[in-house]
Amino acid sequence: MIDFLRQHWSTLSSLGAFALSFLVMFLATKFAKREELDAIASDVSKLKKDVSTIQGQLESLPTKDDIYKLNLEISGLRGDIKEIRPELAGVKRISNLLLENELKEGKK
């Protein structure tokens, strides 16, 4: 056995080196490199920060109930404005009469 190793050590070492390089090449295709993992980790941390920012903004937005209450308030204001509109027409008429009176007195 030792004689066989002594005679063929160069061939065996070449085959071993070839097998080892093939194993390294095979493992390199199956596992990610450190730089790739670091880049992915930094991307994930940036995305987590962005998601937390968006969640904070979403929490400050009005809810469905808030919008419904606001819609009811606006509807109530529309009714109030419709009630006031005829009275405003009277106030406008009086304002125009007062303006005409002031202009007439200014011409005298």
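Run the quick spin-label model on Asn96 and Leu70: label points 7 Å from Cα toward the beta carbon, then report their separation in nm to one decimal.
3.8 nm
Calculate how steeply helix 34-60 sits against the longest principal axis of the alpha-carbon atoms of the chain, using the helix alpha-carbon long axis, and give the answer as 0 to 90 degrees to the nearest 10.
Long axis of 34-60 versus the principal axis of the chain: about 20 degrees.
Would you compute, for the Cα atoms of the chain, the largest minus smallest coordinate along each principal axis and list the three values in descending order, in whole Å?
Principal-axis extents of the chain (Cα, largest first): 137, 39, 15 Å.
Figure the gain on full extension for His8 and Leu37 (residue separation times 0.36 nm, minus the Cα-Cα span) and round it to one decimal in nm.
6.2 nm
Using a basic spin-label model with each label point 7 Å from the Cα along Cα→Cβ, how many nm lie between Ile84 and Met25?
8.4 nm
No lab work stands behind these numbers, since they all come straight from the coordinates. Computed from a predicted model, the values in this text were never measured in an experiment. Here Cβ is always computed from backbone atoms with ideal geometry, including for glycine, and neighbour counts include all displayed protein chains.
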